[in-house]
1. Which angle from 0 to 90°, rounded to the nearest 10, does the C-alpha axis of helix 21-52 make with the longest principal axis of the chain?
2. Please give the Cα centre distance for region 33-54 versus region 69-143, rounded to the nearest Å.
3. Identify which of 41, 57, 112 has the largest mean-square fluctuation in a Gaussian network model of the chain, with springs joining Cα atoms closer than 10 Å.
4. Between 0 and 90 degrees, rounded to the nearest ten: what's the tilt of helix 119-142 against the longest Cα principal axis of the chain?
5. To the nearest 500 deg cm²/dmol, what mean residue ellipticity at 222 nm is calculated for the chain from DSSP H runs of n ≥ 4 alone, each contributing -39,500 (n - 2.57), summed and divided by the residues?
6. When the distances between all Cα atoms of region 96-143 are binned every 5 Å from zero, what whole-number percent does each bin get?
7. When the chain is modelled as a GNM with alpha-carbon springs shorter than 10 Å, which of 107, 26, 63 fluctuates the most?
8. Scaled to the compact-protein estimate 2.2 N^0.38 Å, what is the alpha-carbon radius of gyration of region 20-80, rounded to two decimal places?
Amino acid sequence: MPWARLSGSPRLDVAIDMGNPFLNLTVDGFLKIGAVAATRSAAEDTYHIIQKGNISSHDFEKTLKKMCKEGVYWGTIAGVYVGMEYGVERIRGTRDWKNAMIGGAVTGALVSAASNNKKDKIAIDAITGAAIATAAEFINYLT
C-alpha cells in the first residue's frame, strides 16, 4: 500500500521486529491505532474535566482506565485488519483494493461475532467493514 501524508505533517515510525512480516504489520497496526485511540480518549476526558472545573484522583483513574480500554480495543481491531489484509495479499499474490475489501469484511465479521451478535448483524458489520476499508483504500490512492 502506498504511503501518503500531508505536506509538513510529522511522521513517527517505530520498528519492532517480530521475525515475521505478518506479525510485524499486525503489531505495528495495533500500536499506531491503539495510541491514536488512547490519545483521543485522553483529549475527550480532558475537555470534560476542564468543563467541570476540577479534577480528582477518581477522574484521573477513570481517564487512565478508559485510555487503556479504548487503546486496546481499537488497536486490536486495527491489528486484525492489517493482518487480514496482509494474509489475503499473500494468498492472492497481488496487491490491490480487493485485499482491503476482503480484510475489512473478515475483520467486521470477526469483531461482530466476538461481540455475540446474531447472524444478520454479523453480515451487516462485514459489509460495513468491507465498505470502509475499500473506501479508505481508494482515498489513499487518490492522495
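Rule-based calculations on the coordinates, nothing more; no lab input. It should be emphasised that the depicted structure is a prediction, and the values quoted were computed from it without experimental measurement. When we count neighbours, we look across all protein chains shown, and the Cβ atoms used for this are built from the backbone with ideal geometry, even at glycine.
1. 30
2. That distance is 27 Å.
3. With Cα springs under 10 Å in the chain, the top fluctuation among 41, 57, 112 is at 57.
4. 80
5. Working: 4 runs with 110 residues, N = 143.
Result for the chain, helices only: -27500 deg cm²/dmol.
6. 5, 29, 25, 18, 12, 7, 3, 1
7. 63
8. That works out to 1.34 for region 20-80.
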